[in-house]
Each structure stands twice: as C-alpha cells, then as structure tokens.
Amino acid sequence: MADQPTQRGRVRPAPENFLTETDIIAVKEGRRDFLRNALLTASATLAGGATARAADGDPNILTLPAWTTSLGQPVAARPYGLPSQYEKGLQRRESPGLTRMPQVSVSFAPLQGLFGIITPSGLHFERHHQGWVDIDPSKHRLMVHGTEDGFVRQPKVYTVDDILRLPPVSRMHFIECGANTGMEWGNVAVPTVQYSHGMLSCSEFTGVPLRLILEDCGIDWKKAKYVLAEGADGSSMTRTIPIELVQSDEVLVAYGQNGEMLRPENGYPLRLVVPGVQGVSWVKWLRRIEVGDKPWATKDEAIHYIDLMPDGQHRQYTSVQECKSVITTPSGGQILLDKGFYNISGLAWSGRGKIKRVDVSTDGGINWRPARIEGPVNSKCLTRFNIDWVWDGKPAILQSRAMDETGYVQPGYGQLRAVRGSKSIYHNNAIQSWKVTEGGEVSNVQVL
Amino acid sequence: MSRFFKASLSGALVLAFATLAGGTAWADGKYSGVGRPATRAEIHAWDIDVRPDFKGLRPGSGSVDQGQEVWEAKCASCHGSFGESNEVHTPLIGGTTKDDIKTGHVLSLVKGDAPQRSAIMKVATVSTLFDYINRAMPLTSPKSLSNDEVYGLVAYLLNLAEIVPADFVLTDKNIAEAQARMPNRNGMSTDHGMWPGAPASKGGIGNGGKPDVKNTACMSNCKTEVKVASLLPVYAETAHGNLAEQNRAVGPVRGKDTSGKAAAVAAAPAPLSENAAAAKLANDNGCMACHGVANKIVGPGYNEVVAKYKGQADAEAKLVAKVKAGGQGVWGAVPMPPQGHLKDGDIRSLVKWILSGAKAQ
C-alpha cells in the first residue's frame, strides 16, 4: 500500500467505479493488497477510457457532467421534497424473523448513515402494537379525567384545535425502545448498527406540557400519584407515568415533530412525550389521560417490558433509559476504503440528563481517549461525538463509553451481565464493540 | 366601526351563545374557551381500564365453557386451541405447575430452564389479562367482545393453566380468588433504580434511581487482555439482506456485499468471449450512444458500415484510421469525433467486431 498516492486531492476514481466483485471478495478475505490491485485496474481502464487520461486529471472535472451543462428541474416538481435518488439505501428496515406479523413489529432507523442528532421524520424507527393508523384530526379527542371523582375538579375533552391553541414548548429529545439492543443480550445476533441500536430516534417535539392541561382540569396534586396514558389505535395501548415527571413539566402532549405535524407512524395527531423514558410510554395517537393513585400493571408493564433477572424475578415498571452510546461510523457491516485518517462518529444519550463525556477506545477497551462533542448537548437528547483515528491497517476494536451528568458510566457486557444475567430482553445499555480486520471489514463483536 | 370588526363581533356573539346553550357550568380558568367538560357517558365509553385491585372492572360473569366457545371462534386461529401455539405469537399458556400456583413463583424462571416464556409464566396480575383482552383483542377487531365474553375468555385461559377448575364461572365477585392462585403473582420486583418517579419510601416505586450496574471511566491500561465473548454468526450476516445496499455509496466506508453474488462470481469467473469483450468496450467508451448495431442513431448503424465496406481488403485499416482521427462527410454532415485516447489494440478489436457483425456474444 506504500506506493499508493496518499496526498489530499489525489486523482483517484471513486471506488465504486473500480472495485470489482473480485476485489470485494479480496476485501472479505482480508487481503490487504486489494486496493493496490484495484487501483492498477482502474488506471488501466482510464488509460483505455473514452473520457480522459488519468495523467490529465479526474474525468469528473475534465469532462463537464450533464448537470453542469443542462437545465435543471423546476420548483415544486416534488411538492413534498424527497432525498436524493442516491440515498435510497438509507431506509428503515425490519429485522427478518424478529416478529411474525408486520403490524405487531418494529422497523429500525438507519443510524449507520445519519449525521448530527436529529432523525429525519421519515426515518424515525417504528414500533406498532396493532398496526399504525392515520387519524382524522377533526375527529380526534383527548379526554382527561380521574380514577375517582375529585382527582380532577373538571374532567374535560379537548379537540386538536384546543390543544393547538395552548402555549407550547419545543424541545429536542431522544426516544429509545426499551428493547433496543435486546437481541444482543445473550450474544451477537445482528450485523449492523441499524439492527443493534436502530430503535432509537431523536426529534424536536412541539407540544403542550401535560401539567398545564391537568391544571386546566383542576388536578388535585395531593391525590394524584400516577397518570395513565392511552392511545386511540386498536391496541389502545396504556402505560403508567409517574406524576413527578408530569410536575417537572417535561411530559408533553406533542403534535409537532421536526417542524411539521407528527407522522402517522409516530402518533398523528397527538402523542405523549416522556423524556428519558423508554418509547413504549410515549403513547401514540393519545386519546385519554386518567389521573390515579396506583399503577395499572397494563399488558405492556406486566407481560412485556418487564426485565427478567437471574433470580427468576421480573423487574416491573423499569422505565428510565440509562446512559448509553454507540459508534455509528465505522460500524458493523461496513468496509473501510483505505488506511489513513478517519473520523469516528457516534451517538450518546442518557435518560437521566445530559451527556457529560464520551470516551473512545480503538484497542478493545485497554486505553481510552476523550471524544469531541460535535453538536448541542441537551438533557435526555442524543449527543453526537467524534474523534480522530488514523487506521494503520491493523486489526482494531472500536468502542465508545458515555458518562452522564449524574456521573454514571456506561457499563461493559461483563459488568451488565454480572448483575442482570442475559435474558432480560430490555434495557441493554452495554458498551458496543466493532471489530476492524486487516482488510478494513467492520463487524459486530462483544467484548467482556 | 369597520365592516370587518362588526363581522367578527357578531361571530363572537354567536360562539358565546353556542357555548351557553351547551350548558357549560365549570369555572373557566386561565385558558378560556379551550376544551369542554367531559360527559359521564363519554368517560364511561373510554374509561375501560382495570387495575390490579380491580378498580374499573365492570360487573359480569363468564364460564370456562362459554370462554372456550368464544376462544375456538375468535382466538384459536392465532393462539392455538389451548393457548399453546407458537406460530404467530409466543405461547400464552404452558410452563407453570401446581407448585407454582402454591408459591406464586414460576420455578422454571428461577431455574432458567424454560425454552421460552409464556404469558402466564410472566403475568402476576389477572386484571392485566382482563384489561388487555377487553381493549385489544381480537387483533383484527379489537373491542368487539362483550364484557361477559371477556370474563369467559379469562376463565378459559385460567383453566388451561389449571388455576381454576373446568366448571368455574369467573365473576367480578370471585376474580380475587383467581388472583390468589396466579402462578407468578409473587414474581415481580420493583426494587430497582429505573422508575423516574417517587421511590417506594415515599409511596412510589423503586429505589429512587440508584443504578444497579457500575463502571468507572478508566483511561489507560484498563485491562491486560481483550476477551471477545461473541462474534457475529455467519447466518446472521446474510439474514439481513445485502448490507452494501443499506449504506451510503459515498463517504469513508461502504456496506459489505452480503448478497452472495460476489462469492458466486469468484467461484466460477466466466471469461468474456471476444465478442462480449468488444461489446463491452463499445459500451464503456460511448460508441453505442451514436451507433446502433442494426440502426442509425447519429452515426451509421454497424450493419450499414458492414454493408459499405463489404469485400474491401483494407476495410479494417481504413476504419481503424477513421476511428482514431475522426471523419465527416461519408455518412452525412455530423462529424465523428477523433477517438485518439483509445488504445490501438482496442480500436482494432472494435473494428474487427463491427465488421464481423457486432454480435453481443
């Protein structure tokens, strides 16, 4: 590889034009000379090519492309814009075999290709319990009442018109399914970060603090201990929310997501936003809030979303998403193109507040370096980190380890399993490891 | 007073009268005009939840037999006749014993020997079964069951798990007796730090947020060896589609090709025939943009070239020269640009291929 040109701005065709299938196999087999061979092939092609000689420079510069020499598309050709045709690979996807009914299933966000901290609304992960619905907002109602008379002075019904008249707040928060990384509790099971961590998204949500609505109904804060949130879909999913979170003003009745209304798959027209808490509590298509004094032990807090411990007991009402992080580039299923400089990039988040620090290891956790924080640091929000890495072509194991403002440090698999075993399904926040081979191939491994 | 102002004032009066006509008796708070009182009937229609202490449970009854009838008609296709099916959903029934009913702990969870967890092995509260069936089942027509049908279905499930006898009639009066026999009724723990509200010591749940797992932010020489406990199984890599197509085509990395096609090519690399190689050359170098094999596009079709030079001994040399230097006039006014960047050998191959009929293979 020493004879390869390595200066910046070197003239080299884009790899997809010269990596043959044989080269890709070479990459898979870990042959380190694959790039040199590929480059020779590319040079040969160029020498015989119609476009330009390699010696003269890049044909993409020397021959003006169609987009530079023609008239482009008109405005509003696509009244609701779409990503480039070249970005089609980044879609939310199901994990084959995970579920047997697509209405009772999950699709994962393509974290391997996202930048910054905001998840485009069309790529937000999905979890539906009984299919998604697209509700006519003029027929949607939000009801607030108490388990007993007197828990709220006046039970009320709000239309969507009503909710949109109230003073809102806009806040950025992550939402993570409690079962994110659940397939990996026992062993490595999935190839890419989309499937291992993709039940994670982050949006700017706009909505009305639930506290405000409950006060409009005359809530008795002394009697109220919990609220029940219920959806309007077929599942009418219900979850118990602690009143203290409502009082903190963090819980929102949201209608906005990244500047527009919520997507139907994300609960249009109203959903609960419960920052720091697992996604199942962010009840979509929200139709009812009941103020009560005891938890409800609903199906999703008594049969599912309970964490099996090694002693055979299930932990119930586990809700907080503890501090966690993952490297998204490079990550499983990817191939590094060359030796040299890389920017390792990833996401960190905590259900207990702000991210304080993220450390990155390239040697499987023996030594660590503090990463740069790339963008804003918000409470209970994704935080993007990155760090320089010069890959020397040798095997490496990449890891990230986040710390939140409470001082909690994301644990390793060994530490997590020592306490919680390997059958929990839920709340796996272990340090993720990506192994890099000499061929540049990145794959999912677990390091104790 | 402007016309606009008069119009909006009268509109406001109409609205005000409409509100009064609706009989709103509650004191309007800070957000005047937002929301309205819920009626008793509305609350009754939506407030269907049932708590573990049976708050919210509406009176009714259903026998095991009645439940079985509804079960066979509406539930068995997905869950199996005995709630045992693993076809569509994980089993509802199975894995509990008479001893578990006595202790309230499902022993196979403690021993860790159950191949999978059925719903009845997990659920501690019978109210959960009632509430969920009532609100969400059957999957395709939720909320279509009558109150008594739900009682019957719960009775049937409890009988399958040997919690109640075959002649049992479940009612709102005796459901607490069934609760006292739930096999995993003592199987839940709330002693953890993952409840975001008040702790148990203050009437809430859990320990107030104290984490159970600890790590430290060691920075150097944190361990002496790296123990890789688990690698991605081969089947898992290829079970998620072609990863090359799930990654961006620009940037520092590419997705790995897991389509299996790359391997097939390596196993049997089929060398291109002379014709196929020449056709590829023509395609790659833009020849086919102007020339068709059997038709004129901008320049002549290759069939026309063959016809024109038929029988000429120096056809090949002439054409090689023309391709290299370009030309104009022989086939019309549109010039053929010089193709000097092509290698001589490639030009000869192309010309030979054209004269031999420009076959694809």
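Structure notes:
- Tensor-based shape of the protein assembly as shown (alpha-carbon gyration tensor, a/c under 1.5 rounded, otherwise prolate or oblate): prolate
- Accessible area (Å², 1.4 Å probe, nearest 10) - B:Leu139: 40
- Cross-link pairs beyond the 27 Å C-alpha cut-off, checked among A:Lys423/B:Lys261; A:Lys354/B:Lys30; A:Lys324/A:Lys435: A:Lys423/B:Lys261; A:Lys354/B:Lys30
- Prolate/oblate/rounded call for the stretch A:324-445, Cα gyration tensor, a/c under 1.5 rounded: oblate
- Reducing the stretch B:167-213 and the stretch B:134-161 to their Cα centroids gives an inter-centroid distance of 23 Å.
- The phi torsions of the stretch A:75-81, fed into the Karplus equation with coefficients 6.51, -1.76 and 1.60 and a -60° offset, translate into couplings of 5, 6, 4, 10, x, 10, x Hz, rounded to whole numbers, with Gly and Pro shown as x.
- Amide H within-cut-off set for A:Arg357, under 5 Å, with H built and near neighbours excluded: A:Met403
- Of the residues A:Phe108, A:Ala229, A:Gln194, the one whose Cα sits farthest towards the positive end of the charge dipole of chain A is A:Ala229 (charges of +1 on Lys and Arg Cβ, -1 on Asp and Glu Cβ, taken about the Cα centre).
- Folded to 0 to 90 degrees: helix B:274-284 orientation relative to chain B principal axis, Cα: 70
- Averaged over A:184-193, number of beta-carbon atoms from partner chains that fall within 10 Å: 5
- Only lysines eight or more places from B:Lys296 in sequence, or on another chain, were considered; those with a Cα closer than 16 Å are B:Lys308.
- Computed lengthening from A:Val419 to A:Glu87, 0.36 nm per intervening residue step minus Cα-Cα distance: 115.3 nm
- Taking a ≥ b ≥ c as the square roots of the eigenvalues of the alpha carbon gyration tensor, the stretch A:111-315 is oblate, as a/c is not under 1.5 and a/b does not beat b/c.
- Shown is the FRET efficiency for B:Val88 and A:Asp134, computed with R0 = 25 Å from the Cβ-Cβ distance and rounded to the nearest 0.05: 0.50.
- Amide H to amide H distances under 5 Å link B:Gly206 with B:His192, B:Ala200, where only residues 5 or more positions off or on other chains count and H is placed in the peptide plane.
- A straight Cα-to-Cα reach below 22 Å connects B:Lys74 with the lysines A:Lys299, B:Lys143, residues fewer than 8 places away in its own chain not being considered.
- For the protein assembly as shown, the mean residue ellipticity at 222 nm estimated from helices alone is -6500 deg cm²/dmol, where every DSSP H run of n ≥ 4 contributes -39500 (n - 2.57) and the total is divided by all residues, rounded to the nearest 500.
- Centre-to-centre, using Cα atoms only, the stretch B:84-131 and the stretch A:125-162 are separated by 33 Å.
- Estimated FRET transfer efficiency when R0 is 25 angstrom, pair B:Arg58-B:Gln116 (beta carbons, to 0.05): 0.15
- Close amide-amide hydrogen proximity is noted between A:His173 and A:Ser203, A:Phe205, each under 5 Å apart and 5 or more residues distant or on a separate chain (H modeled in the peptide plane; Pro and chain starts excluded).
- Cα long-axis angle, helix B:3-21 against chain B (0 to 90 degrees, to the nearest 10): 40
- Rounded to the nearest 20, the size of the Cβ-charge dipole of the stretch B:47-185 about its Cα centre is 440 debye, with Lys and Arg at +1 and Asp and Glu at -1.
- Distance from the stretch A:270-300 to the stretch A:356-376 (C-alpha centre basis), Å: 35
- At most 15 other Cβ within 10 Å, DSSP loop - trypsin sites (Lys or Arg not before Pro), the stretch A:171-279: A:Lys222
- ³J(HN,Hα) computed for each position of the stretch B:208-218 - Karplus, 6.51 cos²θ - 1.76 cosθ + 1.60, integer Hz, glycine/proline x: x, x, 7, x, 8, 10, 10, 9, 10, 8, 5
The values are calculated or read from the model by the stated rules, or taken from the named source; none is laboratory data. This is a predicted model, so every value here is computed, not measured. Note that we place each Cβ from the backbone using ideal geometry, even for glycine, and neighbour counts take in every protein chain shown. These accessible areas exclude ligands, DNA and RNA; they are computed on the full protein's heavy atoms, side chains included. Shrake-Rupley method; radii C 1.70, N 1.55, O 1.52, S 1.80 Å.
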